[in-house]
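The values are calculated or read from the model by the stated rules, or taken from the named source; none is laboratory data. All of these numbers come straight from a predicted model, not from anything done at the bench. Because the Cβ atoms are built from the backbone with ideal geometry, glycine has one as well, and the counts that use them run over all protein chains shown. Keep in mind that these areas ignore ligands, DNA and RNA; they rest on the heavy atoms of the full protein, side chains included. Shrake-Rupley method; radii C 1.70, N 1.55, O 1.52, S 1.80 Å.
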Amino acid sequence: MAQTEPNNEAMKQALKEAFAETLHEQRELLHEVFAEVLEDFALAEAIREGQQTERMDRDEVFDESDRLKLFCGARGMWKDRVDLPEFEALRRKFD
């Protein structure tokens with residue numbers, strides 16, 4: 001049986017089609033891989049940013065008076081938003 005030399009262009013096209021089909025069939029897996037990569041980049045950036053800021057001790061982080069000031073300052077920040085789902089409808093989903 002004589003072997004023929006495979007056509008280089010035909011081989012490239014076959015590989016492209018196989019790759020495209022695999023990506024299409026494994027879309028969810030590909031999405032998960034990209035999501036993890038993006039999370040890793042975001043974590044690395046957060047670490048880098050954190051290394052450039054002033055250090056805080058545990059008491060400063062968990063100081064309730066500062067937290068209360070933050071919560072009071074944030075009061076009403078979403079009151080005029082119209083793109084948020086209805087809270088009661090969301091809550092009923094979990095009952």
| Neighbour-limited loop hits for GluC sites (Glu not before Pro), segment 22-95 (at most 12 other Cβ within 10 Å; DSSP other than H, G, I, E, B) | 54, 86
| remark: So, with points 7 Å from each Cα along the Cβ direction, the residue 52-residue 22 label distance in nm works out to 3.9
| query | Assuming R0 = 35 Å, what is the FRET efficiency of residue 67 and residue 33, from their Cβ-Cβ distance, to the nearest 0.05? | reply | 0.40
| said: As a test question: what accessible area, to the nearest 10 Å², does residue 81 have when a 1.4 Å probe is rolled over all protein chains in place? | reply: 110
| query | When ligands, DNA and RNA are left out and all protein chains stay put, how many square angstrom of accessible area per residue does the chain have with a 1.4 Å probe? | reply | 106
| For labels at residue 11 and residue 41 in the simple 7 Å Cα→Cβ model, what's the distance in nm? | 3.4
| residue 84 versus residue 59: modelled label distance in nm, points set 7 Å from Cα along the beta carbon direction | 3.5
| message | Considering only C-alpha atoms, what is the centroid distance from segment 10-47 to segment 50-95, in Å? | response | 34
| task | With the full set of protein chains in place, find how many percent of the accessible area of the chain is carbon and sulfur; take the probe as 1.4 Å. | result | 57
